[in-house]
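A.B. asks: Take a look at this one; I'll ask things after.
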Amino acid sequence: MAKPVLLNNIEHKDLRVITRHGQGLGDSHPYVPTFAGEFRLLQAHYPIVFSKVAEDQPFEPVALFGFENDENLFLTDSGWDATTIPLLVERLPFLIGTHGEELMIHIDLDSPRISKTEGEPLFLEHGGMTPYLEHVNSMLLTVHQGMASNAGFIEALVKHELLESFALDVQLDDGSQHRMTGFYTIHEENLNKLDAAALDGLHQQGYLAAIFFQLASLSNFRALIERKNARNAAHG
C-alpha cells in the first residue's frame with residue numbers, strides 16, 4: 001500500500017533512493033501509463049497501446065512490458081534491458097501533488113526503493129536539494145504536464161474515431177497460447193480517410209506524430225514475444 005507524504009528536508013534528511021531496477025523494487029508490472037510527448041522515445045522499445053479501465057473512463061496510453069500480471073520482460077538480473085525507461089517508472093518512488101496551485105514533491109515511504117544506507121541522497125548537509133532530487137523535480141514536472149496533455153490528445157482521437165479495440169493471439173515456443181484483449185490501437189482505416197483539414201488540425205496540435213509513433217511501436221510485439229520465449233526457456 002502506497003504511503004505518499006509531502007517531502008521535506010527535516011523529516012527526510014537522511015533518506016536515500018535506490019535507483020537501480022530489478023526484482024523486488026516495484027518494477028514488476030506488465031505496463032505503465034505514458035503520454036503523447038513520450039511516444040517518440042518509447043516506440044523504439046515498447047508496444048504502445050491504449051487502455052480503458054471502465055466504460056465511463058477515458059482512454060489512457062500505456063507502454064507494455066509483458067503479457068501477464070506482475071510480468072516485466074525488460075527486467076533482467078543486471079537491471080532494465082532498454083536504453084529508455086518510461087518516466088512513470090523512472091520517477092518512482094516520487095509523486096507530484098498540489099498545494100493550492102503550487103506543485104509539491106511527495107514520496108512514497110512504503111516503497112522498496114527507500115533506504116537510509118544505499119542509493120542517491122535527497123538533501124545536502126545544510127538542507128538543499130541534491131542534483132539527483134533536482135533531476136527528480138524536473139522529471140515530475142514533465143510527467144505532470146505530459147499526463148495533463150493526454151486529455152486533449154484522447155479527445156482528438158475519439159472525435160475522429162481513431163481508436164479501435166484489438167485482440168492479440170500469442171503462441172509461444174512451448175506451445176502455450178495467450179490472448180491479449182482489452183486494449184485499443186489507432187484505427188488505420190479511419191486515419192487514412194481523414195481529409196487534409198483534419199490531418200492538418202492533428203498536426204498543428206502536435207498529435208499526428210504521436211499517432212504514427214504509436215503505430216510504429218506495434219512492431220515491438222514481436223520482440224516482446226521473443227523476450228517471453230527466452231524467459232520461458234530460461235525457467236523451463
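A.B. asks: Scan 54, 2 and give me the residue that is surrounded by fewer than 16 Cβ atoms within 10 Å (Cβ to Cβ) and touching an Asp or Glu at 6+ places or on another chain (Cβ under 6 Å).
C.D. replies: 2
A.B. asks: Only one of these is of a type in the set (Gly, Ala, Ser), farther than 21 Å from residue 215 by Cα and touching a residue at least 24 places away in the same chain (Cβ under 8 Å): 100, 37, 66, 127. Name it.
C.D. replies: 127
A.B. asks: Can you say whether residue 24 is within 16 Å of residue 111 (Cα to Cα) and open to solvent by 50 Å² or more (accessible area, probe 1.4 Å), as far as the supplied structure shows? Don't jump to the end; show me each part of the working.
C.D. replies: Values: within 16 Å of residue 111 (Cα to Cα): yes; open to solvent by 50 Å² or more (accessible area, probe 1.4 Å): yes.
Criteria met by residue 24.
A.B. asks: Of the conditions (1) exposed (fewer than 14 other Cβ atoms within 10 Å of the Cβ); (2) in contact with a strand residue (DSSP E or B) (Cβ under 8 Å, 6 or more places away or on another chain), residue 126 fails just one. Which one is it?
C.D. replies: (2)
A.B. asks: Name the strands (runs of 3 or more DSSP E) wholly within segment 59-150 that hold at least 1 residues that are at pLDDT below 95 and in contact with a helix residue (DSSP H, G or I) (Cβ under 7 Å, 6 or more places away or on another chain)?
C.D. replies: 94-99, 102-108
A.B. asks: Spot the failing condition for residue 197; the list is (1) over 22 Å from the mean Cα position of the chain (by Cα); (2) loosely packed, with under 12 Cβ neighbours inside 10 Å; (3) modelled with pLDDT under 95; (4) not basic (Lys, Arg), and only one is missed.
C.D. replies: (3)
A.B. asks: Just one of (1) in contact (Cβ under 8 Å) with a residue 12 or more places away in the chain; (2) in contact with a strand residue (DSSP E or B) (Cβ under 7 Å, 6 or more places away or on another chain); (3) open to solvent by 50 Å² or more (accessible area, probe 1.4 Å); (4) within 30 Å of residue 77 (Cα to Cα) trips up residue 224, so point out which.
C.D. replies: (3)
A.B. asks: On to the next question. Sort out which residues of segment 21-70 are within 20 Å of residue 229 (Cα to Cα) and hydroxyl-bearing (Ser, Thr, Tyr), and write them in order of number.
C.D. replies: 28, 31, 46
A.B. asks: Would you confirm, using the coordinates I've provided, whether residue 156 is under 24 Å from the mean Cα position of the chain (by Cα) and within 22 Å of residue 86 (Cα to Cα)?
C.D. replies: No.
A.B. asks: Among residues belonging to segment 151-166 that are open to solvent by 50 Å² or more (accessible area, probe 1.4 Å) and assigned to a strand (DSSP E or B), point out the one that is farthest from residue 226 (Cα to Cα).
C.D. replies: Per the stated criteria, the residue is 164.
The values are calculated or read from the model by the stated rules, or taken from the named source; none is laboratory data. Bear in mind the structure is a predicted one, so any value in this text is a computation, not a measurement. Reconstructed Cβ throughout: ideal geometry from the backbone, glycine too, with neighbour counts over all protein chains shown. Heavy atoms of the whole protein, side chains included, go into the accessibility calculation; ligands, DNA and RNA do not. Shrake-Rupley method; radii C 1.70, N 1.55, O 1.52, S 1.80 Å.
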